[in-house]
There are 4 protein chains.
Amino acid sequence: MNTYGKMFRVTTWGESHGLAIGAIVDGCPSGLIITPEYVQKELDMRRPGQSEVTTSRTEKDTVEILSGVFEGKTLGTPISMLVRNEDTDSSFYEQIRYVPRPGHADYTYFVKYGHRDHRGGGRSSARETVGRVAAGAIAKRLLEYFGIWVLGHVVEIHGIKSNFVFETPEDLRAAEMSIVRCCDPDASAQMEECIKRAKMIGESVGGIAEVVAFNVPAGVGEPVFDKLDAELAKALMSIGAVKGVEIGVGFKSVTLTGSQMNDEFAVNAGIIETASNRTGGILGGISTGKPIVCRVAVKPTSSIAKPQKSVHLKTKEEVELTIAGRHDPCILPRVVPVAESMVAIVLADFMIRGGFIDPVKLE
Amino acid sequence: MNTYGKMFRVTTWGESHGLAIGAIVDGCPSGLIITPEYVQKELDMRRPGQSEVTTSRTEKDTVEILSGVFEGKTLGTPISMLVRNEDTDSSFYEQIRYVPRPGHADYTYFVKYGHRDHRGGGRSSARETVGRVAAGAIAKRLLEYFGIWVLGHVVEIHGIKSNFVFETPEDLRAAEMSIVRCCDPDASAQMEECIKRAKMIGESVGGIAEVVAFNVPAGVGEPVFDKLDAELAKALMSIGAVKGVEIGVGFKSVTLTGSQMNDEFAVNAGIIETASNRTGGILGGISTGKPIVCRVAVKPTSSIAKPQKSVHLKTKEEVELTIAGRHDPCILPRVVPVAESMVAIVLADFMIRGGFIDPVKLE
Amino acid sequence: MNTYGKMFRVTTWGESHGLAIGAIVDGCPSGLIITPEYVQKELDMRRPGQSEVTTSRTEKDTVEILSGVFEGKTLGTPISMLVRNEDTDSSFYEQIRYVPRPGHADYTYFVKYGHRDHRGGGRSSARETVGRVAAGAIAKRLLEYFGIWVLGHVVEIHGIKSNFVFETPEDLRAAEMSIVRCCDPDASAQMEECIKRAKMIGESVGGIAEVVAFNVPAGVGEPVFDKLDAELAKALMSIGAVKGVEIGVGFKSVTLTGSQMNDEFAVNAGIIETASNRTGGILGGISTGKPIVCRVAVKPTSSIAKPQKSVHLKTKEEVELTIAGRHDPCILPRVVPVAESMVAIVLADFMIRGGFIDPVKLE
Amino acid sequence: MNTYGKMFRVTTWGESHGLAIGAIVDGCPSGLIITPEYVQKELDMRRPGQSEVTTSRTEKDTVEILSGVFEGKTLGTPISMLVRNEDTDSSFYEQIRYVPRPGHADYTYFVKYGHRDHRGGGRSSARETVGRVAAGAIAKRLLEYFGIWVLGHVVEIHGIKSNFVFETPEDLRAAEMSIVRCCDPDASAQMEECIKRAKMIGESVGGIAEVVAFNVPAGVGEPVFDKLDAELAKALMSIGAVKGVEIGVGFKSVTLTGSQMNDEFAVNAGIIETASNRTGGILGGISTGKPIVCRVAVKPTSSIAKPQKSVHLKTKEEVELTIAGRHDPCILPRVVPVAESMVAIVLADFMIRGGFIDPVKLE
């Protein structure tokens, strides 16, 4: 299924080296101000070729809004967005038509679908996230209309940890200043160094990105299966290369006792709230009113320059594969806008489902 | 939403101290042999009061199958299963009618729904998992018909780690012999000790459970949003107390390089497969044919005997709360059958969606 | 699929001669006053054995509400309702285990599912509508909270037409006084006569029921596929024996010209509205604010006393079948509450989807 | 919601006078041969400007397939199809920016969404069916692969009835030879005359179209809510201007007795089947194996040249409106391919859901 969400619904389509790639957003209320420039700005954040630590594939990724917006405002009808693929030299990929790259979805797509577009991974390419970010731009815009901010940053790369502590949305905007999207300048420098070293030796590295949603009201989420944390887990795990998701203190909770883990309740300025936020802003699948905090573990990029063993899908001969193409030695910086987009899409959907946002029109 | 799945659909209903609790399974093919005794056996695995390390609430939890099964076999129509609540003394809970327990969903349900059943957590009680396990029993039965086994065990409690290494489904059945569901006898003994100690001092502890699905064919899962790992993440994160989910090496991938992480391809007995299984049996959201491996981080039980601070929801007075009721000092042993159930439900759904199981009838 | 609706979701389950039959309503906001007596009253309207023109199967059909209601009000959690089957002598049905009754779903269930419950039609029995009416009772209650009334009446039986013209909801309540649910006393008497005559000669007759929803605000419905009329058509056509659905003037529109069909706009007491309502309260799939008017064509009851030809499913021998069991010679009177229920369920769902009813809680 | 279907999913997008209009098909198995030429041929059937009895708006409606097809075959990934809008002179429509046209959705869109694209009806324009026909072309192709043919024809226009009796798919292809898509040459000539007369006097007329699906195997359809006839009713009623839907003998069943209506069972060449097909190929919501027969009542075109009364949405002044633009005096001929498309989409979806078509790949 290439559609996500129940009331705010996102459908993405397109293969890496096909004619175009795009997204439809269905269920955005009417009256929201949207311009191509606004969506373009978000797309530029995930675009390749931004720095030395990302792939050198250079595409302008110019977005066209084909429907759903009239005289500058959404209509409540489907918003169709399109990006033409430009830098699609596929000659390199002929060698992998029948040789699956380790760590990629080449083999599983071959087994599942039989016929597949092998060029650049086809549908399983990270390029699919262009559609997610375009749709995420609409979701973010809608949330911002209600004062909600979704911001991500990198907190760990290959063992190098950020010591950054945030309080407000403004704090996290520091990530935009770092080419690895890490708010801690020291860690940022080390991470950059680490990525360059990995690239030099034909390797790749992974890391952890954190996304925080500020000002989400208490009461968002739908037990018992569509819990807010459950949907966030799905949305984030659906991003390629993500191998783990955690909420609040996450896996660290395993080493705490009940009294160390539980957030006690207190009254603050007349409002009941949890005094701490180890739970990451969610209890019983419903938001508490505190910031939503989630993290994703991202594996090292599968494409590496080092030779690897594979098998020819037709002849079943074992072969050695060297991936010469352009690739990111570390995908973390470019995962950040995608993870933000997925969190924003989940929240937009749940805000509508919970009656916090009118499903049809803004006032 | 209290329904999970697209083709194999599970709906659970019921409050902890209401008249009954139950589940509907819609979309199970006809012709599957199901008896109440079979479902009962699975329910007995999650039942409280089984040992010193679980709650002393004692309920027989006798299941009644009200529809969907005729002359011992499923009809392809909805299977309705019902368990009456018996041990439902609610007198204790009057004190928490307006005082939310830290770590529980009392506060968020109050904010979201206004009117709530405060007795034993109502709908947010772990008792809701009775329905999940009953439905999971049907899912497991269906998978076993196709040779697929879903088995869980506890791999860590409060820092104590299992050193157990498994190869076959049979290996993991050892978990049933341990009251903490840990296959490593030494770790099991230490875990038991740790839980008893926690109980003695009015505390609770958390841990990690792992679920493995054997013999899942390659090709199961639906990119780009309904990836197999994404749905597993949602299904597992929807279990109360779960704060993190990981697939394969999970968060550990963050410290590996690309060549250390990637599973190379090899030919084994004429079959192409990954030589290792760090990816946990899933690439690009589609199963590889290797065992599916996932883990959940479970926080320490929220109910503890130690006094905790809370706030009266009406008067906004700060109060000290001591939870005297029966509770599990560690929920891990009882999470295992629930996590197995959710994995089985996800797989049953995807096996049907992928054309591996006929959606209507078994041969 | 045994679930209907997107936000207000109804699941029915149960076979005619199984242990019980029931429904789950998921997505009803919290705070709605619901009692078993209220639901019972609605069920009594569809109960068999009410008069000489309905089947003599006598069941009390006592409903039990097992969850979702606490201290007299809905919780926002699933409402599980159960009715035990009592008058389930199945001995008659042994003769049709392998002999499909003409007009019934015996044959198609056999082909589709292989294994089936042949007793009384099993899942395909009209008895399934017990669950629909129980769920419809909740939907009606919710709509009435917002001033919306859904009322049905019989407008034609076997060519005998009602000349009744209604203006207000009160007018249509006259249907309750007629045992054939027809508001026109003359037609009602003729219809009753016609049904008795059909019964006497071992035959059955069909007719048309109309359902009207008053006070539905303008703006309800979701183009382009989930149009209000489209969903009504689905919901009504899903009732057994319904062979046609029409909205407003329906099939009669075929003989009108554009100027005869179009409802012109006018201002009435400061409000813009259509001056007439030939369109049945819906334009472009969205309600206009005028009464929603829909009609269903119901075929003659399939069970008739006259001998009919059929074929043994195993031996393929042609056999003559005489259905001796109890049955309604005309199902129309009992279709009315079912059709009302389906219209109410559709409207409840769309009112929530359109932001007219808060999806989570009533004020 | 702008998406239809559960496994074979169609999303349409686009406004009448926006940049483009299109459709996504998600869930089509891989391996199906699809070319732009094939889809174009289907689109040409619904194109305006084909004859004297349709609108003179002239657009080439050239389709571009942007994704989901590689080397001539489907990939199992979303198929994105795009048609640029060309003949979009909007100057005429400025006069109706605030004056709703009787019979159109102008008023209801204004009430529902507030902000709307008034040009040519925007999203509510019949132009939206371009997307349906493009998607329907994929559905038809998939069905034809399995020997299923979906064919429509006009059976009545403004009281003039076709006397055509069909037996095979070939018989119905005669409709393509008639500019009003009626297989009965005499009726066809009268219908054409009738439409021209209506046009001359500034009026419009309606009619009935019938769609027949041949070779659908027995067993297709999902009780109790997603019955095959229920979904067909929804799909067909979702087409603009449709006011009624019937299956088999439909509304005529109201005048029959049970023995006249029921189709008896017989053995034909060793196969059990119904001897007649009054039920239209569906019993209990499941196909019988006989042709599926459904009909739609289409109201007279809402746009007429005669002056009509309306109200200015802002000033609430009553105004007289004359619609000078191009329009079809009778939409029936162009409804046929749209109705065929909807039936094909429903069948493709149910064939996959019922296990008749592999959901992932063709052999």
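Computed from the coordinates by the stated procedures, all read-outs in this text should not be read as laboratory data. What you are looking at is a predicted structure, and each value in this text was computed from that prediction instead of being measured. Cβ atoms come from the backbone with ideal geometry, glycine included; neighbour counts cover every protein chain shown.
Details
- D (Stokes-Einstein, µm²/s), Kirkwood Cα radius, region A:207-363, 1.002 mPa s at 20 °C: 118
- Centroid-to-centroid separation of region B:269-283 and region C:223-288 [C-alpha atoms, Å]: 58
- Approximate spin-label separation D:GLU64-C:ASN268, in nm, with each point projected 7 Å along Cα-to-Cβ: 4.9
- The Kirkwood hydrodynamic radius of chain D, based on inverse pair distances between different Cα atoms, is 21.4 Å.
- For region D:138-162 and region D:303-358, distance of Cα centres in Å: 18
- Taken over the alpha carbons of region B:12-171 as equal point scatterers, the Debye sum produces base-10 log I(q)/I(0) values at 0.14 Å⁻¹ of -0.87.
- Each peptide in B:114-124, C:278-288, A:166-176 was scored by the mean count of other Cβ atoms within 10 Å over its residues; highest first, the order is C:278-288, B:114-124, A:166-176.
- Taking a straight line from the alpha carbon of C:LYS161, these aspartates and glutamates sit under 14 Å away, with near neighbours fewer than eight places off in the same chain left out: C:ASP184, C:ASP186, C:GLU192, C:GLU193, C:GLU210.
- Annotation for B:ARG197, label-to-label distances across the other copies: 3.8, 9.0, 9.8 nm (shortest first, one decimal, point 7 Å from Cα along Cα→Cβ).
- Between the Cα long axis of helix C:185-200 and the first principal axis of chain C there is an angle of about 20°, rounded to the nearest 10.
- Cα-centre dipole for region D:271-349 with unit charges at Cβ (Lys and Arg positive, Asp and Glu negative), debye to 20: 200
- Mean separation of Cα contacts under 8 Å (6+ apart) over length of chain A, as relative contact order %: 23
- Computed from Cα positions, the angle between helix D:36-46 and the longest principal axis of chain D comes to roughly 70 degrees.
- Helix C:129-145 and the longest principal axis of the Cα set of chain C meet at an angle near 10°.
- Ranking D:GLY76, D:SER276, D:GLY22 by how far each Cα lies toward the positive end of the dipole of chain D (charges on Cβ) leaves D:GLY22 at the top.
- Lys/Arg +1, Asp/Glu -1 at C-beta; region D:3-353 dipole; positive extreme among D:GLN260, D:SER90, D:VAL130: D:SER90
- Region C:265-363, relative contact order in percent, only Cα pairs under 8 angstrom and at least six apart counted: 14
- Rounded to the nearest 500, the helix-only mean residue ellipticity at 222 nm of chain A stands at -8000 deg cm²/dmol, with each DSSP H run of n ≥ 4 adding -39,500 (n - 2.57).
- Take C:GLU64, push a point 7 Å out from Cα through the beta-carbon direction, and compare it with the same point in every other copy: 0.4, 6.3, 6.3 nm, smallest first.
- For A:ILE271, inter-copy label distances in nm, listed shortest first [label point 7 Å out on the Cα-Cβ vector]: 3.9, 5.6, 6.8
- Ranked D:CYS183, C:CYS194, B:CYS330, criterion: other C-beta atoms within 10 Å, fewest first: C:CYS194, D:CYS183, B:CYS330
- The protein assembly as shown - Kirkwood radius from inverse mean 1/r over Cα pairs (Å): 32.7
- Under 28 Å between alpha carbons - lysine pairs in region B:206-363 that sit 8 or more apart or on different chains: 22
- Across region B:73-147, Cα pairs under 8 Å and at least six residues apart give a relative contact order of 26 percent.
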